[in-house]
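The values are calculated or read from the model by the stated rules, or taken from the named source; none is laboratory data. The shown structure was predicted, so the numbers you read here are calculated from the model rather than taken from an experiment. Using ideal geometry, Cβ is built from the backbone for each residue, glycine included, and neighbour counts are taken over all protein chains shown. The area values use the complete protein model at the heavy-atom level, side chains included, leaving out ligands, DNA and RNA. Shrake-Rupley method; radii C 1.70, N 1.55, O 1.52, S 1.80 Å.
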Amino acid sequence: MKVCFILLCTLAYCATLLDGYRILGIFPYNGKSHNVMFSALMKGLAKRGHQVDDITHFPVKDAGKTYNVVVNLNGTLKSVVNSFTIDYVKLLDHDVARMIADDYGNAFCKLMDLPEMQKLIKNPPNNPPYDVVITEAFGSHCFMGFGHLLNVPVIAVSSSVEYPWVSQLIGSDDNPAYVERSVALTLVNRHPVLYGAKPIAPSLVEVSGLHIEQSELRILTPKWKKYLDESSDGVAYFTFGSLVLIESLPEKTILDVYKSFAKITPIRVIMKIADKRKLPPGLPKNVYTSAWIPQQAVLSHPNVKVFITHGGLMGIQETLYFAVPIIGIPLFGDQHRNVAIFVEKNMGVKINFDNITTESLDEALNEVLKNPKYKKNAKIYSNLFKDRPMNATDTASFWIEYIIRNGPNVLRSPALELEWWQLHLLDVYGFILASIVLTTILLYCILKYSLDKLLYGTSEKHKKE
């Protein structure tokens, strides 16, 4: 009986491999926050039996035997993790589009010069060949050319909401500057609860929170579990994410933060600090620092009362999922909008990052910790965020498989076949305007002729009399 069971399991596993597709994932950006989503997607596809070949800086762990890293990009670029100082953030906030285009766009295309990449380009596998290419829609669209090289559909994935240049890829925007028309499907990290409802093309699929569905990320180590379980008076969790260093704040600002955190004792505070040696002395006894924090596991713990965050989209979605109110301190990019949404929906309050003082932090902590409306609203919107016909991982997998089965044009928007003037209905408006003008001219001519005839006829009649 045991032998039969093992044989059946083996046959079932082989059947999934036979039914699975071969997928090439290309993720050139070396930011950890973006790759949280991409790793979850690649892991989900591999667990569904697809053969996943990944080109990444962050190889996926425990993804199964069908997951393989064909080009490990780790170490090929200067790390951006824990590298942004507050001074750099101030510059970045004024010119984020240039950074995306240059530093995280054109420069990344040079990764194709790597010997491993050239080997893949010149000798792609054919036993079996690839069925689809999945790549990030961020700043380096050159990798979408792999779809043409391999003669397979291209699926773009955005770890944020669709950028303006991403919407243009699939005909889901009214901008006339259309490029990269070969994209068959775009998966975006947006949801109407956060960003409101909007009309979208069928080839744009919302998979917000995909990275949260891996339950193993919520498992606490014994040390963290003990700390959080014992924090019965509550916990405030403070981080600026994987890029920005809290310890790079001015010393006066950090000392003001110390004073405010000390006042909320016995509530405990967890701070993500990459290098504790760079902090000034005087850290309050109720504050615990760590270079790495299991964020989802921490936010899912019932004793966590508030999330002090820069407003990065991954963390914002996690705090929404686990219904934790925020104190938002946006630094750059979409963080301003993300925090503004939470403030508008009464799920949190905002502090300007150039106004982090004892007084501003006291006021924010007192408001969020003592006013029940923030937790109440967080629970309401959390339920809306999680209430879906199908979870994000299954949604993404279904539409990827759908494109592979049915071809790259099945969801193609007719807008991509139109010229810009047709898309904006200028031909229709032009015809209507021309019709109005011609009708007006015609009526004018008829009226003028009738009046002339009437006046001329009357004048002639008087002359005869």
Looking only at residues in the stretch 182-210 that are within 10 Å of the chain's Cα centre (by Cα) and polar (S, T, N, Q), which one is farthest from HIS336 (Cα to Cα)? SER208
Which numbered condition TYR288 misses (of (1) under 21 Å from VAL235 (Cβ atoms); (2) buried (at least 20 other Cβ atoms within 10 Å of the Cβ); (3) aromatic (Phe, Trp, Tyr)): (2)
Residue that is farthest from the chain's Cα centre (by Cα), among those in the stretch 259-291 that are of a type in the set (Val, Ile, Thr) and assigned to a loop (DSSP other than H, G, I, E, B): THR265
At negative phi and open to solvent by 10 Å² or more (accessible area, probe 1.4 Å), is that true of PRO302? yes
Just to be sure before I move on: is ARG412 free of Cβ contacts under 8 Å to residues at least 12 places away in the same chain and either on the phi < 0 side of the Ramachandran plot or open to solvent by less than 60 Å² (accessible area, probe 1.4 Å) (or both) in the structure I sent? no
Exactly one of SER232, SER215, SER242, SER208 is open to solvent by less than 20 Å² (accessible area, probe 1.4 Å) and small (Gly, Ala, Ser), and that residue is SER208
In the stretch 230-258, what residues are outside any loop (DSSP other than H, G, I, E, B) and more than 32 Å from the chain's Cα centre (by Cα)? GLU251, LYS252, LEU255, ASP256, TYR258
Candidates ALA236, ALA262, filtered to the one that is among the hydrophobic types (A, V, I, L, M, F, W, C) and either over 27 Å from HIS336 (Cβ atoms) or in contact with a helix residue (DSSP H, G or I) (Cβ under 6 Å, 6 or more places away or on another chain) (or both): ALA262
Counting only residues that are crowded, with 19+ Cβ neighbours inside 10 Å and not in a loop (DSSP other than H, G, I, E, B), the stretch 48-68 contains a total of 7
How do the pairs read when you match residues in the stretch 385-398 that are within 16 Å of GLY20 (Cα to Cα) and of a type outside the set (Lys, Arg) with residues anywhere that are open to solvent by less than 20 Å² (accessible area, probe 1.4 Å) and in a loop (DSSP other than H, G, I, E, B), using Cβ under 6 Å and keeping only pairs 6 or more apart or on different chains? ALA396/VAL207
